[in-house]
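S.K.: For reference, the structure I am asking about is given below.
The values are calculated or read from the model by the stated rules, or taken from the named source; none is laboratory data. Treat the numbers as computed from the prediction; the structure is a model and nothing was measured. For neighbour counting, all protein chains shown are included, and Cβ atoms are generated from backbone atoms with ideal geometry for every residue, glycine included.
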Amino acid sequence: MSIETAERQDTVPVAPEQPMLEVKDLVVRYGRGRKAAAAPAAVDGVSFSIRQGETVGLVGESGSGKSTIGKAILGLQKSAGGTISYQGKDITHAGAAERRALGGELRAVFQDPNSSLNPRQSIGASLAEPLRIRGVNGAVAREKAEAMLERVGLPREAVDRYPSQFSGGQRQRIAVARALICEPKLVVCDEAVSALDLSTQAQVLNLLADLRDERGLSYLFIAHDISVVQFLAQRVVVLYRGQVMESGPAAAVTESPKHPFTQALVAASPVPRPAEQAERRMLRESLGVRTAAAVAASPGGCPFSQRCPLATELCTAERPAHRQVGAADVACHYA
Amino acid sequence: MIPNVAPAPADSAPATAAAAVQPKSGQRTAFSKVSASRLFASPGGVAGVVWLAALVVASLTAQWWLPYKTEDQDFTAVLSGPTAAHWLGTDELGRDLLSRIFAAAAGTLGTSLITVIVGVGLGTVLAMVAAGGDRTEGAISRVTEVMMSLPGTVIILAVIGAVGTNIPLIMAILGVLISAGIYRVILGQAKSLQSQLYVDAAKVDGVSTLGISLRHVLPGLTNTIVVQSALIFAVGMLIQAGLAFIGFGPPIPQPSWGGMIQGASQHVYDAPWLMVPTGAVLALTVLAANAIGNALGKSPNAGVSHLPSAAARRQRGRVVAAAVAATGAAASAADTGAIPAKGHLSVRGLSVGVDGGTPLVTGVSFDVEQGTVLGLVGESGCGKTMTALSLLGLLPAGVSATGGQILWNGKNLAAATERDMEGIRGRDIALISQEPMRALDPMFTVGYQLTAAIRRLLKVGKAEARAEALSLLEKVGIVDAKRILKTYPHQISGGMAQRVAIALALSGRPRLLVADEPTTALDVTVQAEILSLLRSLVKDSGMSVVMVTHDLGVVADICDNVAVMYAGQVVESGRTANILDNPRHPYTLALLAADPHANTAADMPERLATISGQVPQPKDWPTGCRFMARCQFAGSACAAPVPLLSSGSEDGLVRCVKADELAVEGLEWLATEVPTHHVMKIVEKDLA
């Protein structure tokens, strides 16, 4: 147990060759035509990589482009620039056939357990679908579905029931089972626990952690809640308006954030200890971060410059380059 | 001559329709079950089905039971009314009307079905193809727009001119023309189904576009398709009768409803009865098809909205007022000695339940002093929102306060009439909800909504209301208030919308604000700002707040006191600091242990603590401790009802028989999941 812990937190079992997933200078724009090209990109030059067995957390506010990145990786959203490579293979513009050829290695768990399962399909049919399209026969698929349900803590009989017969937490377990049924290597979890109550959220987080340790999975864990990310991820990437503000080891980024935005994000996340929360509140108020403005920052500068207490003319004029500050990689002129 | 051509498609049609609409038999059974139960739930639907079925059976078996052949002429009874020999009378050639109506029925119904199959089938296929991609949608939509602009009658008459009165072909062409309209109806729904997460999940699996359409989109459209089919069926019948009326029906000796009505129209003065039987049968059949469409189209819970109509509340208010007044009378008589402070809320033994059934909240008591914030915490299904809504008399339809008191300034709101509540709601007690956008009407500007509320609540003029609206927006921290007044809700961000919603709630200068998860839908940085705003409002105005939340961090931030709810009961209450730093109830302990926010990165555990199982449904609540089945510390004593007792720290209360024992032992909620059967073993052991 203790060896495992050490491994998880310090040295992730490193495969010397290429990373599991590499995202380089990814750009995503919504809409088409000249108008879309003029608007700020939803994802603007984001780069990060995920090694085998590693969990990378993608954190940011709504509209920061974190879900869009997940969608681009899964092929649900076209990218306008940059590359996404899976095990060294460029999948940026892979079609349905190519994605099928990935053999279910790249899978997803979505946020809303109410709409991520087809309400008109039995659980068994939902779970078997990814197997069936790969030519697995019905009886084998059903057996696998039952085994997978058992693994996520649900009775085997659940295969014949419908999503409406399960609670939110149970449905999210089923969604996890569906993602893992064809033994993937990388799972994109898009706000996978944010719709759940505390106790069920903890159950699903534990399940995700167990499955990772048991199967050597890699996760891209997308969430708005930095504490949830902190539980599961070894590395964290912080996004603001489509750009990476800070990235680095989870402990470094969440405990001693360097970028003013990360600092604001961490300070705003409330903790259930009244005395400590009062201190955090004071700290947050002393940071002097301004309310989000409706108008976007100038395209040439730092996207956070309008809210940043440290911002100067340099910040509105020039987009800060990424540089190493301590253990983290920070995009700020003054960090 | 097209003898007997109609019944053939009538026979083969249902099979084709079924094949086109439902490719998978498994799904079909599940679905038709839903539709059928809905169909037979309404008397109109039942009557429609019975009439259509009778008509079909009668016309298909016509040759065995009809008293006369359709061409038989009885010159002794020309244009007669109903007689023993001719039940429905005869026409100008002495032909039996009953025989002719039923002989014509199969043809009319069958060819109308052709229109349905072609129209709905084509429309659905086009809609599903269009929903699959942006470009195809553009192309198909343009084509259907052209189709909709074509004059249908002219086209049909042209076809008749070219190929003669080939009824099945004409009805098929009518179907093609109608399909453009069907396409429009179904496209929107198909697109919304395409955007569901399960469709994304299927795409990630690599399911083909066709597979997605058939397996994930089509089943969701079934209801609309069935409803549209019933309506188009009726339209088809009417158009067909209309064509026959103007002389483009089946060739002359053959009976058709439209032709018979046309014949009857020539004898409107000398034999008015002639019109009645055929007209009535046609009208009834069209009505039957529409009734079936209506019955199928009704949403299963259309009657249950989240908030009841004012009328429903008034009605219920009277009933409940009587019930609660009876239970509360004794208690309030005892309480009258103490004069309650202004702005003091005291809830005593409040119970809320489904009318005449399951309780949802039982025996909830708490106090909110003026200028303090009380947190109601718990997981979903614990009754915290029901408790909060009952303070405003806004419980959903079919749910009401069944006992106890809500004392506000000495007045029992649980027994108040709807008229009384209308005077209190908005003025004394206001609500802010989880979804700020829902509190604002998208059709009106922020300024209009704010001033309307201010004018109604404060009874002031337009100019004064506008000034008040500006000062309210400034009070909730909006810098450019003048600009925001002119915007529509969709033009502002979620955080801004919640500020506006708070301003709206403050417009009646309430003394108590009920906030139902006010920050759950917001980003943490915005949440922090909204909490700061609420804190300053409480400090400046002396307002009290009841804050419903599931987030223990929010409780720690803003609440002075907290009541932890589980399965409709308060299980622990007291000062926030005492409860969060030193929880006494196992449920509170477990919630804190399961919260990743309770740990810093340095001491983040390998596994989070969890609570096995889930919150029991109200109907499954045990008589003893409701948390027992999930509790790691449950023992035999827990099976008996547990009272809310003093926890020993200030005015704290806890509902756990083992609270003292646990406090002494300093037990911690373990991170491992304890299976339920293990707990049951402990219970059995203790019982033994």
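S.K.: How many residues are within 14 Å of another protein chain (Cβ to nearest Cβ), among the charged types (D, E, K, R) and under 25 Å from A:Gly301 (Cα atoms) if we restrict to region A:42-89?
M.R.: Qualifying residue count, region A:42-89: 2.
S.K.: Looking only at region A:190-205, count how many residues are closer than 15 Å to B:Leu608 by Cα and at pLDDT 90 or above.
M.R.: 1
S.K.: Here is a follow-up. One residue is enough: does region B:569-579 have a residue meeting the conditions surrounded by fewer than 24 Cβ atoms within 10 Å (Cβ to Cβ), in a loop (DSSP other than H, G, I, E, B) and either in the same structural domain as B:Ser649 (by TED's automatic domain parsing) or not small (Gly, Ala, Ser) (or both)?
M.R.: No - not one qualifying residue is present in region B:569-579.
S.K.: Something else now. Give region B:614-626 a look and list any residue that's facing chain A (nearest Cβ under 9 Å) and surrounded by fewer than 16 Cβ atoms within 10 Å (Cβ to Cβ), or say none.
M.R.: Answer for region B:614-626, where residues must be facing chain A (nearest Cβ under 9 Å) and surrounded by fewer than 16 Cβ atoms within 10 Å (Cβ to Cβ): there is none.
S.K.: Filter region B:507-543 for residues that are assigned to a strand (DSSP E or B) and out of contact with any Ser or Thr (no Cβ under 6 Å at 6 or more places or on another chain) and give the result.
M.R.: The answer is B:Leu513, B:Val514, B:Ala515.
S.K.: Quick check on this structure: which one of A:Ala195, A:Ala223, A:Ala158, A:Ala147 is in contact (Cβ under 8 Å) with a residue 12 or more places away in the chain, more than 9 Å from every other protein chain (Cβ to nearest Cβ), surrounded by fewer than 22 Cβ atoms within 10 Å (Cβ to Cβ) and not hydroxyl-bearing (Ser, Thr, Tyr)?
M.R.: After applying the criteria, what remains is A:Ala195.
S.K.: Sticking with this one: Given (1) modelled with pLDDT under 90; (2) within 14 Å of chain A (Cβ to nearest Cβ), where does B:Val446 come up short, assuming only one miss?
M.R.: B:Val446 satisfies every listed condition except (1).
S.K.: Name the strands (runs of 3 or more DSSP E) wholly within region A:227-335 that hold at least 2 residues that are within 14 Å of chain B (Cβ to nearest Cβ)?
M.R.: The qualifying strands (runs of 3 or more DSSP E) are A:235-240, A:243-249.
S.K.: Which numbered condition trips up A:Thr291, out of (1) at pLDDT 90 or above; (2) closer than 30 Å to B:Ser536 by Cα; (3) of a type in the set (Val, Ile, Thr)?
M.R.: The one condition A:Thr291 does not meet is (1).
S.K.: Filter region B:572-603 down to the residues that are among the charged types (D, E, K, R) and free of Cβ contacts under 8 Å to residues at least 24 places away in the same chain and list them by number.
M.R.: B:Asp581, B:Asp603
Residue-by-condition table, conditions (1) out of contact with any Leu (no Cβ under 7 Å at 6 or more places or on another chain); (2) crowded, with 20+ Cβ neighbours inside 10 Å; (3) not assigned by TED's automatic domain parsing to the domain that holds B:Leu150:
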position	(1), (2), (3)
B:Ile182	yes, yes, no
B:Gln189	no, no, no
B:Tyr198	no, yes, no
B:Ala201	yes, yes, no
B:Ser208	yes, no, no
B:Leu218	yes, yes, no
B:Ser229	yes, yes, no
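S.K.: Now for a separate question. Would you mind finding the one in A:Val176, A:Val204 that is more than 11 Å from chain B (Cβ to nearest Cβ), in a helix (DSSP H, G or I) and not charged (D, E, K, R)?
M.R.: Result of the check over A:Val176, A:Val204: A:Val176.
Yes/no matrix, rows are residues, columns are (1) out of contact with any Asp or Glu (no Cβ under 8 Å at 6 or more places or on another chain); (2) part of a loop (DSSP other than H, G, I, E, B); (3) hydrophobic (A, V, I, L, M, F, W, C):
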{"position": "B:Arg38", "(1), (2), (3)": "yes, no, no"}
{"position": "B:Ala54", "(1), (2), (3)": "yes, no, yes"}
{"position": "B:Thr83", "(1), (2), (3)": "yes, yes, no"}
{"position": "B:Gly107", "(1), (2), (3)": "yes, no, no"}
{"position": "B:Ile117", "(1), (2), (3)": "yes, no, yes"}
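S.K.: Another one. Return the only residue of A:Pro119, A:Pro184, A:Pro163, A:Pro113 being in contact (Cβ under 8 Å) with a residue 40 or more places away in the chain and either of a type in the set (Lys, Arg) or buried (at least 24 other Cβ atoms within 10 Å of the Cβ) (or both).
M.R.: Every option except A:Pro113 fails the conditions.
S.K.: Would you point out the residue of region B:132-151, among those that are small (Gly, Ala, Ser) and surrounded by 15 or more Cβ atoms within 10 Å (Cβ to Cβ), that is nearest to B:Thr209 (Cα to Cα)?
M.R.: Across region B:132-151, the extreme among qualifying residues is B:Gly132.
S.K.: Scanning region B:479-506 for residues that are within 30 Å of the chain's Cα centre (by Cα) and part of a loop (DSSP other than H, G, I, E, B), which turns out farthest from the other protein chains (Cβ to nearest Cβ)?
M.R.: Looking at residues that are within 30 Å of the chain's Cα centre (by Cα) and part of a loop (DSSP other than H, G, I, E, B), I get B:Tyr488.
S.K.: With respect to the numbered conditions (1) touching a residue at least 24 places away in the same chain (Cβ under 8 Å); (2) part of a loop (DSSP other than H, G, I, E, B); (3) more than 24 Å from B:Leu534 (Cα to Cα), which one is the sole condition not fulfilled by B:Ala414?
M.R.: (2)
S.K.: Please go through region A:125-141 and pick out each residue that is assigned to a loop (DSSP other than H, G, I, E, B) and within 27 Å of the chain's Cα centre (by Cα).
M.R.: If the condition is that a residue be assigned to a loop (DSSP other than H, G, I, E, B) and within 27 Å of the chain's Cα centre (by Cα), then A:Ile133, A:Arg134 are the ones that fit.
S.K.: Return yes or no: is A:Thr92 within 30 Å of B:Leu522 (Cβ to Cβ) and more than 12 Å from every other protein chain (Cβ to nearest Cβ)?
M.R.: No; evaluated as a whole, the condition is false for this residue.
S.K.: Now a separate question. In a loop (DSSP other than H, G, I, E, B) and under 39 Å from the mean Cα position of the chain (by Cα): is that true of B:Val281 in this structure?
M.R.: For B:Val281, the condition - in a loop (DSSP other than H, G, I, E, B) and under 39 Å from the mean Cα position of the chain (by Cα) - is not met.
S.K.: Now a separate question. Being within 21 Å of A:Ser115 (Cα to Cα) and either assigned by TED's automatic domain parsing to the domain that holds A:Pro113 or surrounded by 22 or more Cβ atoms within 10 Å (Cβ to Cβ) (or both): is that true of A:Phe231 here?
M.R.: no
S.K.: Then there's this: Just to check your reading of the model, which residue among B:Gly383, B:Gly393, B:Gly403 is surrounded by fewer than 24 Cβ atoms within 10 Å (Cβ to Cβ) and either of a type in the set (Ser, Thr, Tyr) or in contact (Cβ under 8 Å) with a residue 12 or more places away in the chain (or both)?
M.R.: B:Gly403
S.K.: More than 22 Å from A:Gln306 (Cα to Cα), crowded, with 24+ Cβ neighbours inside 10 Å and touching a strand residue (DSSP E or B) at 6+ places or on another chain (Cβ under 8 Å), is that true of A:Ala252?
M.R.: no
S.K.: Which of the residues that make up region B:556-568 are at the interface with chain A (Cβ under 7 Å from one of its Cβ atoms) and either assigned to a loop (DSSP other than H, G, I, E, B) or not acidic (Asp, Glu) (or both)?
M.R.: Within region B:556-568, just B:Ala556 meets the criteria.
S.K.: In region B:584-605, what residues are more than 7 Å from chain A (Cβ to nearest Cβ), at pLDDT 85 or above and either within 25 Å of A:Pro249 (Cβ to Cβ) or crowded, with 24+ Cβ neighbours inside 10 Å (or both)?
M.R.: B:Arg584, B:His585, B:Pro586, B:Tyr587, B:Thr588
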